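One structure is given below, encoded as structure tokens.
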Amino acid sequence: MGKYVDIPSIIQVIGGIYLNPNLLDEDGKYFFNEEDFTEEFHKILFGSIYNLHELGAKEISINAIEDYLEQRPKSYAVYKANKGQEYLQKISKSVQLAAFDFYYSRMKKMTLLRMYQNIGMDLSWLYDIDNIMDVKKKQAQEDWLDNSSIEDIAEIIDKKITDIRLKYVDDASNGAELAGNGALELLERLRETPEAGYPLFGPLINTVTRGARLKKFYLRSAATGVGKTRAMIADACSIACDEIYDSKEEKWISNGTKEPTIFISTEQEKDEIQTMIIAFLSDVDEEHIISGEYYAGEWERVIYAANLLKRCPLYIEQLPDFSLKDIENTIKRGVREYDVKYVFNPFVGLKDCVKLFQLTTGVIV
């Protein structure tokens, strides 16, 4: 099985950066990984140009590259063995700066496919690098590759993996069935074990929702500044933390089990979220925590709450400049790495929430 490599695209990218290093200043538009370049010589060329630019060079010359590499004998030897000076002179004449975006995109797509292949995935069903006989198939795949974004390609591959999981791990099945199938068994099960989820904070919300039930999502709607974030933090703490201070009883009380939970913050800094969490757990006015002025016994409670947090599976993810894809990836990573079942995000609308709900068998709020 061949590797997904497009040398002409790599040459055009290196040549484009060589002739116009200011392309590296376009934050967010272009980014590079070492894995984008499969040959050591190409890595050395790009790395030299990149590092010279980072050091303040506005224009890159062959002399500057060679001066830089002379301090790095091993890299310089590779550069000399590949006739680096002649190579740079040659590609500088063939570079098509107007098509830089096309070649950059194609290079990054090949990197993506190569990374999937490196972990053992056969992607010939999507783009068969070894096909040299079926001309029509080859052209169709080339057209598809050029007309698909890197996000679209990753989504197609990820969906393939998800479909396999749904079928062979989660036992998902397609097709309609009679509404009456299993109805009697359902009634018996509910009579024996009524459906209820992990308690949210406050009796009224639990009356309405019957708790945070798995495979459900809950949408809170309210005007700005009325406390949606704090209410979600209270719920997240109630689910993830097994102790909460009760001011009426003047002691820490058991709060059930600790369930893996993630709070996705899109506006507040981490320390803002932490002070709200500690204030809720310790029942200490957040203003006291922020100002560092405590009533008797409060300091000990906030210290206890901070230590409590260290052993509770409550995670904070900050996404100040976020897209729906960022939130999707955060949820996927939380499910995969932390076994997260409960997700709280204060700034997701109904349409997006429905899409995100498909990523987990847990609860989205």
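Throughout, read-outs are computed from the coordinates displayed, never taken from laboratory work. Since we're looking at a predicted model, the values are computed, not measured. Here Cβ is always computed from backbone atoms with ideal geometry, including for glycine, and neighbour counts include all displayed protein chains.
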Checklist line | Additional length obtainable on full extension of the chain from residue 161 to residue 29, 0.36 nm per residue less Cα span | finding: 44.7 nm
Check: Which peptide among 309-319, 236-246, 154-164 comes first, and what is the full order, when sorted by highest mean count of other Cβ atoms within 10 Å?
Finding: 236-246, 309-319, 154-164
Next item on the list: Please give every one of the aspartates and glutamates within straight-line cross-link reach of residue 136, meaning a C-alpha to C-alpha distance under 17 Å, and leave out same-chain neighbours fewer than 8 residues apart.
Entry: 128, 146
Next item on the list: Read phi for every residue in the range 323-329 and hand back ³J(HN,Hα) as whole Hz from Karplus 6.51 cos²θ - 1.76 cosθ + 1.60, θ = phi - 60°, with x for Gly and Pro.
Entry: 10, 4, 5, 4, 5, 4, 5
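How large is the charge dipole for the range 7-149, taken about the Cα centre, if only the Cβ atoms of Lys, Arg (+1) and Asp, Glu (-1) carry charge, to the nearest 20 debye? Write down the numbers at each step before the final one.
Values: 16 positive and 22 negative charges, 60 e Å.
Computed charge dipole of the range 7-149: roughly 280 debye.
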Checklist line | Length-normalised contact order for the range 7-149 - Cα pairs under 8 Å, 6+ apart - percent | finding: 29 percent
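Semi-axes of the equivalent ellipsoid for the range 7-149, please: Cα gyration tensor eigenvalues, times 5, square-rooted, ordered largest first, whole Å. Spell out each step's value before the answer.
Details: eigenvalues 181, 56, 42 Å².
So the equivalent ellipsoid measures 30, 17, 14 Å along its semi-axes.
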